[in-house]
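The values are calculated or read from the model by the stated rules, or taken from the named source; none is laboratory data. What you are looking at is a predicted structure, and each value in this text was computed from that prediction instead of being measured. Please note: Cβ atoms are built from the backbone with ideal geometry, for glycine as well, and neighbour counts cover all protein chains shown. These area figures cover heavy atoms from the full protein model, side chains too; ligands, DNA and RNA do not enter into them. Shrake-Rupley method; radii C 1.70, N 1.55, O 1.52, S 1.80 Å.
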Amino acid sequence: MVLTRCFASIGFALLFQAPQPADRFVSVNGLRIHYLDWGSADKQPLIMLHGIGRVAHTFDHIAPHFAANYHVMAVDMRGHGDSDWDPKGAYLVEDYVKDIEGLAQQLRLRNIVIWGNSTGGRVAQVFAGLHPELVAAVISEDVGPERPTQVAESVTRQLKQEDEKGWASEEELLMQLKGPTSRTPEEILRAYAHYGSKRRADGRIIWKRDPAIGNGFIPTELWRFVRQIKSPIIYVVGGRSTIVPAATQEELKKALPQAEIVTIPGAGHYPSEENAAAFLAIADKFLAGK
């Protein structure tokens with residue numbers, strides 16, 4: 001299914017005036033994991049998982065939309081944001097999954113809706129495959145079961161360069177994020193730059209992440225987990241992205257007859273940021289029947 005591009009009818013200023021989440025922590029696998037908490041524990045849990053190098057606050061523009069009906073929890077995955085760094089540099093998809101297992105166990109979560117973008121989407125798929133008894137629905141944002149060598153090598157080079165160089169100021173970082181090709185509204189990028197960065201000892205601004213996260217960003221094939229998913233699942237793909245190619249989409253349809261695949265034309269690797277209105281329309285329709 002392909003949706004025609006709709007420009008954001010959502011007022012981003014209103015979104016950023018929404019009630020702020022509570023900062024919470026759980027200790028799992030010897031690590032203190034930070035998450036942002038919207039809503040109350042008597043509602044169905046909705047876990048949000050960010051991409052590599054990003055942070056829980058990158059969901060700030062969209063999480064409040066779901067808080068009326070869900071207990072929304074956006075997690076800083078290990079090595080990111082305000083969560084602990086793993087002392088052994090363990091950052092495979094399966095390592096992130098172990099932390100979500102621990103969080104779900106400690107908070108006694110059931111009937112979970114789990115949504116991830118990029119690497120977070122891989123974590124969501126693996127968690128759903130391993131724990132069909134816990135998962136009610138999955139939203140995978142522009143990511144499938146495979147991470148090709150070319151993508152892995154390109155991203156790890158970028159991570160290394162950014163961690164070494166840094167930026168003179170948060171504003172300089174923001175200007176780079178905006179760039180000539182970015183379609184993400186400035187308000188979202190500004191929040192990402194603010195919450196996702198910190199000042200290094202020499203005064204340079206760097207991302208708030210463990211430089212070792214690239215250790216786990218390797219060529220990956222997760223079909224053995226994905227084929228075990230029993231819950232409804234939707235793959236929301238960016239029309240300009242090549243992360244989930246047509247061949248992979250066809251294989252997903254064969255492996256998961258219950259899967260929906262929706263493309264947002266003109267969007268890149270983070271459709272929920274670039275075209276939040278279209279993404280929310282898709283997510284709301286999908287979740288309405290779950």
Original post:
Cβ under 14 Å from E172's Cβ, E172 left aside: what net charge do those residues give with Lys, Arg +1 and Asp, Glu -1?
Top reply: +3
**OP:** Report, please, the projected area of segment 213-283 averaged over directions, based on the convex hull of its C-alpha atoms, in nm².
**Re:** 5.7 nm²
**OP:** Return one whole number: the accessible area per residue of segment 157-286 in Å², for a 1.4 Å probe.
**Re:** 47 Å²
Original post:
So, with a 1.4 angstrom probe, what is the percent of accessible area on the chain that is carbon and sulfur?
Top reply: 52 percent
**OP:** Once you have all Cα-Cα distances for segment 148-211, histogram them in 5 Å bins from zero and send the whole-percent values.
**Re:** 3, 17, 24, 23, 20, 10, 3, 0
Original post:
Which length gain, in nm to one decimal place, applies between Q106 and T242 when the Cα-Cα distance is subtracted from 0.36 nm times their residue separation?
Top reply: 45.3 nm
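Could you order peptides 280-288, 146-154, 95-103 by the average number of other Cβ atoms within 10 Å of their residues, highest first?
95-103, 280-288, 146-154
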Original post:
What Kirkwood radius, in Å to one decimal, follows from the Cα pairs of segment 19-109?
Top reply: 13.2 Å
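Using the eigenvalues of the Cα gyration tensor, what equivalent ellipsoid semi-axes result for segment 55-154 when each is taken as the square root of five times the eigenvalue, whole Å, largest first?
Ellipsoid half-lengths, sorted descending, are 21, 16, 16 Å.
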**OP:** Please work out the Cα convex hull volume for the chain and give it in Å³ per residue.
**Re:** 125 Å³
Subject >> Quotient of C-alpha Rg and 2.2 N^0.38 Å, computed over segment 115-185 >> reply: 1.47
Original post:
Any idea what diffusion coefficient segment 75-117 gets from Stokes-Einstein, in µm²/s, Kirkwood Rh on alpha carbon pairs, 10 °C, 1.306 mPa s?
Top reply: 140 µm²/s
**OP:** Write down Rg/Rh for segment 106-154, rounded to two decimals, with Rg from the C-alpha atoms and Rh from the Kirkwood relation over Cα pairs.
**Re:** 1.07
Subject >> Per-selection Rg to Rh, segment 248-290 - Cα, Kirkwood hydrodynamic radius >> reply: 1.02
Original post:
Using a Förster distance of 22 Å, how high is the FRET efficiency between D202 and Q158, based on the Cβ-Cβ distance and rounded to 0.05?
Top reply: 0.55
Original post:
On average, how much accessible surface per residue is there in segment 53-131, in Å², for a 1.4 Å probe, leaving out ligands, DNA and RNA?
Top reply: 30 Å²
**OP:** With a 10 Å radius around each residue's Cβ, average the other Cβ atoms per peptide and rank 77-89, 45-57, 28-40, 131-143, highest first.
**Re:** 45-57, 131-143, 77-89, 28-40
**OP:** Report the full-extension gain for the segment Q150 to S40: residue separation times 0.36 nm, less the Cα-Cα distance, to one decimal in nm.
**Re:** 35.4 nm
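Per the helix-only calculation at 222 nm, which mean residue ellipticity applies to the chain, given -39500 (n - 2.57) for every DSSP H run of n ≥ 4 and division by its residues, nearest 500 deg cm²/dmol? If you can, show how the numbers build up before the last one.
On the way: 10 runs with 98 residues, N = 290.
Result for the chain: -10000 deg cm²/dmol, rounded to the nearest 500.
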Subject >> Distance in nm between pseudo-label sites at S182 and E133 (7 Å out along the Cβ direction from Cα) >> reply: 4.5 nm
Subject >> Student exercise, the chain dipole from Lys, Arg, Asp, Glu Cβ charges, in Debye to nearest 20 >> reply: 320 debye
Subject >> Average Cα contact separation per residue, segment 146-208, under 8 Å, 6 or more apart, as relative contact order % >> reply: 37 percent
